[in-house]
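See structure below.
The values are calculated or read from the model by the stated rules, or taken from the named source; none is laboratory data. Owing to the predicted nature of the structure, the values given are computational and were not obtained by experimental measurement. Every residue, glycine as well, gets a Cβ built from its backbone with ideal geometry; the counts of neighbours run over all protein chains shown. Ligands, DNA and RNA are stripped out before the accessible areas are found, and what is left, the full protein with its side chains, is counted by its heavy atoms. Shrake-Rupley method; radii C 1.70, N 1.55, O 1.52, S 1.80 Å.
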Amino acid sequence: MPDHTTILEWITNAIATLGYVGVALLMLLENVIPPIPSEIIMPLAGFAAARGELNFGWAVFAGTVGSVAGALLWYYIGQALGIVRVKKLVDRYGRWVSLSSRDVDIAQRWLLKRGYWAVGLCRVIPGVRTYISIPAGFARMKMLGFLTYSTVGTVIWVAFLTYAGYLLGDNYERIETYIAPVSRAVIIGLIAATVFWIARRRMNPPEPPG
């Protein structure tokens, strides 16, 4: 795996050479290759905007386009996986965490009814922003709603990072240091919430249908 310095040099060269196209491509890859962090890409684009090398608005637009394209890729992966296959996998392996295909049905119904805001919210949470697209895909969330909320959340995240880089200037790399503890705290919180839900479910198992 390449070290941080190598990744930073690669990102810097891509933006310097390709401009907005480079920003979009990097944000697309960020959704596919974890070592490429948006916490470096967009602040660097903001720094370039502060130096007059890029336009701030167009940098945000390019980053949003690339990131939403990556979200769509994972959405279609989830769609290809399919709800039936997911339920089979859960029935086979989910017993270790007290999950069943019925839970998948419940999750699908929840996503279809109230999941749009969750998609938008998760797009601004480091560590989970990419993978929220997978359950949206296998639940076959309506594309218009998925794109709308995913885009809104992405614009907020991308604009925040770009503006941070614009303000920090030469110190744009610090944003990754600031965000990392928050990211870890959010992931730990999500894990804790999942464990709590599983524990409650074991104490109060759902009644069999019908």
- request: Sort 44-54, 138-148 for me by packing, meaning the mean count of neighbouring Cβ atoms within 10 Å per residue, highest on top.
  value: 44-54, 138-148
query: For Leu147 and Ala69 in the same chain, what is the full-extension length gain: residue separation times 0.36 nm, less their Cα-Cα distance, in nm?
result: 27.1 nm
- request: Might you work out the accessible area of Thr12 for me, using a 1.4 Å probe with all protein chains in place, and round it to the nearest 10 Å²?
  value: 50 Å²
- request: Would you mind computing, in nm to one decimal, how far apart the modelled labels at Trp58 and Leu121 are, each placed 7 Å from Cα along Cα→Cβ?
  value: 3.7 nm
query: With every protein chain left in place, what is the accessible area of Ile132 in Å² (1.4 Å probe, nearest 10)?
result: 30 Å²
query: At a probe radius of 1.4 Å, what is the per-residue accessible area of Val60, in Å² to the nearest 10?
result: 20 Å²
